[in-house]
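Visitor: Below is the structure I would like to discuss, written out as structure tokens.
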Amino acid sequence: MDLMTRVRCLHVRVNLVVLFPQPYSNEQAARFANGGAYPPDLSLITKARHNGQNYVFALLTGYRDPPAGVSIREGLHYNPYFPGGAIAMPQMLIDGAVEYEDSTPATEAQMGKDVVSFLSWAAEPEMEERKLMGFKWIFVLSLALFQAAYYRRLKWSVLKSRKLVLDVVN
């Protein structure tokens, strides 16, 4: 494979991973579609929050009726996992909303798990490749360690096993 073909392959691969189409044409369209709120970029949400995957899963599946004595403004929804308990995003996951090809039950928890898995991948699309590279480095370095240990033993064995005889002349 020549250099230009490699560059083209790398360029296509980077574009597939990095460039997701934006859902809105500009900020005003995004605010209009979301009730005045500008939606955040969620591609790094699982890395940005402490215990990010569990946080996003709890946020997606944690919608409840507000407890007695708690009032929620019009247009907000109660979710105990969101700071303050009131969130503008309505409940997005409803049982049976999608149909899986392998007839997996489309429960709220299953769909939440799928969304969290995708967001985790979007935060680190190169993770599997990076871990494979780490495994290769560990393997090569362990081979180098064994070779160095064998070489050390070979070189120093002469000095360790020699016998010194001292002849004292009076």
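Visitor: Run down ALA106, ALA123 and say which single residue is surrounded by 11 or more Cβ atoms within 10 Å (Cβ to Cβ), modelled with pLDDT under 95 and in contact with a Lys or Arg (Cβ under 6 Å, 6 or more places away or on another chain). First the steps, then the outcome.
Guide: Details: ALA106 fails: in contact with a Lys or Arg (Cβ under 6 Å, 6 or more places away or on another chain).
On inspection, the qualifying residue turns out to be ALA123.
Visitor: In addition: May I ask you to verify whether VAL158 is over 26 Å from GLY36 (Cβ atoms), assigned to a helix (DSSP H, G or I) and within 23 Å of the chain's Cα centre (by Cα)?
Guide: Details: over 26 Å from GLY36 (Cβ atoms): yes; assigned to a helix (DSSP H, G or I): yes; within 23 Å of the chain's Cα centre (by Cα): no.
It is false that VAL158 is over 26 Å from GLY36 (Cβ atoms), assigned to a helix (DSSP H, G or I) and within 23 Å of the chain's Cα centre (by Cα).
Visitor: Follow-up question, since we're still on this one. Could you run through the range 35-80 and say how many residues are under 23 Å from ASP95 (Cα atoms), assigned to a loop (DSSP other than H, G, I, E, B) and touching a residue at least 40 places away in the same chain (Cβ under 8 Å)?
Guide: So the answer is 1.
Visitor: Output the number of the condition that TRP121 fails; it satisfies all remaining conditions of (1) within 18 Å of PRO40 (Cα to Cα); (2) out of contact with any strand residue (DSSP E or B) (no Cβ under 7 Å at 6 or more places or on another chain); (3) in contact (Cβ under 8 Å) with a residue 24 or more places away in the chain.
Guide: (3)
Visitor: Now, a different point. Step by step: first the residues of the range 122-155, then only those that are small (Gly, Ala, Ser) and closer than 30 Å to PRO21 by Cα, then the one that is nearest to the chain's Cα centre (by Cα). Which residue is that?
Guide: If we filter the range 122-155 for residues that are small (Gly, Ala, Ser), which is where we start, we get 122-123, 134, 142, 144, 148-149.
Of the ones still in play, those that are also closer than 30 Å to PRO21 by Cα are 122-123.
Values: ALA122: 7, ALA123: 5 Å.
Of everything passing the filter in the range 122-155, ALA123 is nearest to the chain's Cα centre (by Cα).
Visitor: Just to be sure, is GLY96 in a loop (DSSP other than H, G, I, E, B) and of a type outside the set (Lys, Arg)? Quick ask: steps written out before the conclusion?
Guide: Numbers: in a loop (DSSP other than H, G, I, E, B): yes; of a type outside the set (Lys, Arg): yes.
Considered against the rule, which asks whether it is in a loop (DSSP other than H, G, I, E, B) and of a type outside the set (Lys, Arg), GLY96 comes out as yes.
Visitor: Would a scan of the range 91-103 turn up a residue that is over 30 Å from THR61 (Cβ atoms) and either at pLDDT 95 or above or surrounded by 10 or more Cβ atoms within 10 Å (Cβ to Cβ) (or both)? Show your work before the answer.
Guide: Narrowing the range 91-103 to residues over 30 Å from THR61 (Cβ atoms): none.
No, because not a single residue in the range 91-103 is over 30 Å from THR61 (Cβ atoms) and either at pLDDT 95 or above or surrounded by 10 or more Cβ atoms within 10 Å (Cβ to Cβ) (or both).
Visitor: Further question on the same structure: Looking at ASN79, is it at positive phi, assigned by TED's automatic domain parsing to the domain that holds VAL115 and of a type in the set (S, T, N, Q)? Spell out how you get there, then give the answer.
Guide: Details: at positive phi: no; assigned by TED's automatic domain parsing to the domain that holds VAL115: yes; of a type in the set (S, T, N, Q): yes.
Here the answer is no, as ASN79 does not meet what is asked.
The values are calculated or read from the model by the stated rules, or taken from the named source; none is laboratory data. In this text, all values refer to a predicted model and were calculated from it rather than measured experimentally. Please note: Cβ atoms are built from the backbone with ideal geometry, for glycine as well, and neighbour counts cover all protein chains shown.
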